[in-house]
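**Student:** Structure in C-alpha cells, see below.
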Amino acid sequence: MLISFLGGTQAGPTPDPSVYVVSGSSVEKHKISGEVPSVAQEYAACANDDFMFVHGGLTATGKSNSLYRINLKVSRFTFLFIQSNSR
C-alpha cells in the first residue's frame, strides 16, 4: 500500500486536502477534514499503521515548522504541538 498527500507541484502549492491510497491497481481519494494545514510544498511526510505525519514545508508566508497527524481511519487532520526540550 502507498499513501500520498500532495502539497504542491512545480507550478506551486496545491490546495487539495486529500490523501490518495494506492493498493495494487486501485487508487482511492480520501478528503481530509479537521485542522487542515496551510497549503505547502517541500514538506516531510511518513506513515505508520493508521497515521500519517506531515511536517514543515514552504507556505505562502515562508518556512513552516508545523507538525500534523492524519488519522487514516477517519480521514482527519490534527495539529500537534512541538514542545522544545532544549537545555
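The values are calculated or read from the model by the stated rules, or taken from the named source; none is laboratory data. Just so it is clear, the model here is predicted, and its values are computed rather than measured. So basically every Cβ, Gly included, is an ideal-geometry build from the backbone, and we count neighbours across all protein chains shown.
**Student:** For the range 61-81, what are the residues that are surrounded by 10 or more Cβ atoms within 10 Å (Cβ to Cβ) and over 17 Å from E28 (Cβ atoms)?
**Tutor:** Listed by number, the residues that qualify are K63, S64, S66, L67, Y68, R69, F77, T78, F79, L80.
Matching residues to (1) in contact with a Pro (Cβ under 9 Å, 6 or more places away or on another chain); (2) modelled with pLDDT of 85 or more; (3) at positive phi; (4) not in a strand (DSSP E or B):
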| position | (1), (2), (3), (4) |
| --- | --- |
| A45 | no, yes, no, no |
| F53 | no, yes, no, no |
| S66 | yes, yes, no, no |
| K73 | no, yes, no, yes |
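**Student:** Under 17 Å from L2 (Cβ atoms), among the hydrophobic types (A, V, I, L, M, F, W, C) and touching a Gly at 6+ places or on another chain (Cβ under 8 Å), is that true of A44?
**Tutor:** Values: under 17 Å from L2 (Cβ atoms): yes; among the hydrophobic types (A, V, I, L, M, F, W, C): yes; touching a Gly at 6+ places or on another chain (Cβ under 8 Å): yes.
Taking the combined requirement at face value, the residue satisfies it.
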